[in-house]
Amino acid sequence: MLYSWDLVPEIWITDFRDSHTDHTDTSRLCREVVHYKWRAVMLAQLTLFPLGKLSGMSADIAKVVDLIEKNGLPYQLTGMGTLIEGEWDEVIELVSACRKAMLEENERIYMVLKVDDQPGKTGKLTGKVDSVESRLGRPVKK
């Protein structure tokens, strides 16, 4: 089972040796203290395209997909939108950048943002499909 709170690999090492101790004494070696930073992960579906064009939107959409890819958040492109997984602030910042990029070359855009924000779950980008495949007992067409 996947949980909504992922451990982000941030580790600090704390040295408990004091300055008065001979550091060659193996009985007084430093201890390691590990601190973890927690993060909540959500799944968003972004649909974004220019209005007023009957065809030829793929160049505009490719520009936005390139922006999403360079951001580094996990994503999946579909025929009806793009799924993005990340923290709220990360996703909203990316959506805002995509909106601005689309408005640079278009007077009007259409955007729909759907969010599945369920504390206690991560891995939604592929986990939901995996769950359905598990119930079917076979992979689905992708």
Original post:
Just a yes or no: is a residue in the range 110-123 modelled with pLDDT under 95 and under 11 Å from the mean Cα position of the chain (by Cα)?
Top reply: yes
**OP:** Mind listing just one residue for me: the one in the range 105-115 that is of a type in the set (A, V, I, L, M) and touching a helix residue (DSSP H, G or I) at 6+ places or on another chain (Cβ under 7 Å) and, of those, surrounded by the fewest Cβ atoms within 10 Å (Cβ to Cβ)?
**Re:** Met111
Subject >> Within the range 95-128, tally of residues that are of a type outside the set (Lys, Arg) and part of a helix (DSSP H, G or I) >> reply: 11
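Yes/no matrix, rows are residues, columns are (1) surrounded by 10 or more Cβ atoms within 10 Å (Cβ to Cβ); (2) β-branched (Val, Ile, Thr); (3) at positive phi; (4) without any contact (Cβ under 8 Å) to a residue 12 or more places away in the chain:
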| position | (1), (2), (3), (4) |
| --- | --- |
| Leu48 | yes, no, no, no |
| Ala62 | yes, no, no, yes |
| Met80 | no, no, no, no |
| Trp88 | yes, no, no, no |
| Ser96 | yes, no, no, yes |
| Asp117 | yes, no, no, no |
| Gly127 | yes, no, no, no |
Original post:
Restricting attention to the range 21-37, does a residue exist that is of a type in the set (Gly, Ala, Ser) and either at pLDDT 85 or above or assigned to a helix (DSSP H, G or I) (or both)?
Top reply: yes
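The values are calculated or read from the model by the stated rules, or taken from the named source; none is laboratory data. Since this is a predicted model, take the numbers as computed values, not measurements. So basically every Cβ, Gly included, is an ideal-geometry build from the backbone, and we count neighbours across all protein chains shown.
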